[in-house]
Amino acid sequence: RASGTSSDTEIRLIGVPGQTVLDLRDEDGGGKPGSGSAAIEIVPVPGKPSDPRQPTEISGFTILGGGTAISSSGGALYAHHNIIVGAATGIHVDTAGSGTILHNTIHGATARAILVESANVAIRNNLLTLCAKGIEAGAGVAITAPYNGFSGNGADTAGGVTLGTGTLRSDPLY
């Protein structure tokens, strides 16, 4: 079950933790990296400016496999309390986006767990494990990402990412 609401100022897509699963894996259970589409994609409404005070909220989902699990190509994103396993990219915020990425677990991303191409993104309190890259900043983007946990990644950061206070690098034992 998932619920969604929409109005002129707010969009919320809330899953039931542990029950709302988007399974994008092949029949044999393998992922479909690079499939070219996102499981959840946020796109701006033509002719309507986005309001960063009213972000699109994505919460409580388990997303298995796929190209990109959550993608924002404009407007403000608030992605929190999601579990993403085996996607090529866990969460992507492009150059027109902004927002907050908070309390997510991303495991086994084949390209990177989080890709941000905008400096207006707060990344905090996420657990990123066994990913090719943890947090990647696009060309010319500089961000600080405090209070995140990393374990077994090919690289914890790429591009202009600075890990701040409270960074943990240890096995979460799950």
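Of note:
- Taking the criterion of being assigned to a strand (DSSP E or B) and either under 13 Å from A111 (Cβ atoms) or without any contact (Cβ under 8 Å) to a residue 12 or more places away in the chain (or both), the residues of segment 72-92 that qualify are I84, T89, G90, I91, H92.
- The residues on offer are T95, T62, and the sole one that is within 17 Å of A109 (Cβ to Cβ) and modelled with pLDDT under 95 is T62.
- Tabulated pairs, segment 104-132, first under 14 Å from T157 (Cα atoms), second acidic (D, E) and assigned to a strand (DSSP E or B), C-beta under 8 angstrom, 6+ apart or interchain: R112/E136; I114/E136; L115/E136; V116/E136; L128/D156
- Any hit, segment 145-168, residues being in contact with an Asp or Glu (Cβ under 6 Å, 6 or more places away or on another chain), closer than 27 Å to R53 by Cβ and in a loop (DSSP other than H, G, I, E, B): no
- Restricting T95, T89 to those that are in contact with a Ser or Thr (Cβ under 9 Å, 6 or more places away or on another chain) and surrounded by fewer than 24 Cβ atoms within 10 Å (Cβ to Cβ) reduces the list to T95.
- Subset of segment 21-52 (residues that are modelled with pLDDT of 70 or more and of a type outside the set (A, V, I, L, M)): D23, E41
- Some residue of segment 61-77 being hydroxyl-bearing (S, T, Y) and more than 18 Å from A39 (Cα to Cα): no
The values are calculated or read from the model by the stated rules, or taken from the named source; none is laboratory data. A quick note: this is a predicted structure, and the numbers were derived from the prediction, not measured. Cβ: placed from backbone, ideal geometry, glycine included. Neighbour counts: every protein chain shown.
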